[in-house]
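Down below is the structure, laid out as structure tokens.
The values are calculated or read from the model by the stated rules, or taken from the named source; none is laboratory data. As the structure is a prediction and not an experimental result, all values here were calculated from the model. In this analysis, Cβ positions are derived from the backbone assuming ideal geometry, glycine residues included, and neighbour counts consider all displayed protein chains. SASA here: full protein model, heavy atoms, side chains in, ligands and nucleic acids out. Shrake-Rupley method; radii C 1.70, N 1.55, O 1.52, S 1.80 Å.
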Amino acid sequence: MGSYRLLWTCVKLLTSMHFRLPSANPLNLQDLGYSGEPVQTSPKAVLDFKGGETAALKRLKSWIWEKDCLRNYKETRNGLLGVQ
């Protein structure tokens, strides 16, 4: 019961604080070192994932429902354990 109270106290404390990002000079991609040039895919890349939520949901839908890969996930995952 003590750890629950501690957790609840922390949650209440964190939710009572108002964290705000400074709005004067928000970061942009150039501030983080991106030059604006298109990103080149590495020739060593095995998979070419498209970014974004829509593309991710499309991959997930395909993987679970169309390819039915979820059925064998545990065996596949367990096969990846250890040094290859």
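Miscellaneous remarks
- Sites LYS12 and GLU53 - FRET efficiency at Förster radius 25 Å, r taken between beta-carbons, to 0.05: 0.20
- Links that overshoot a 31 Å alpha carbon limit, given the list LYS12/LYS61; LYS12/LYS50; LYS44/LYS67: LYS12/LYS61; LYS12/LYS50
- Full-extension gain in nm, LYS61 to THR76, via 0.36 nm per residue minus C-alpha separation: 3.6 nm
- Solvent exposure, largest accessible area first (probe 1.4 Å, DNA, RNA and ligands not counted), of TRP65, TRP8: TRP65, TRP8
- Point-charge dipole on Cβ atoms (K/R +1, D/E -1) for segment 26-68, about Cα centre, debye to 20: 200 debye
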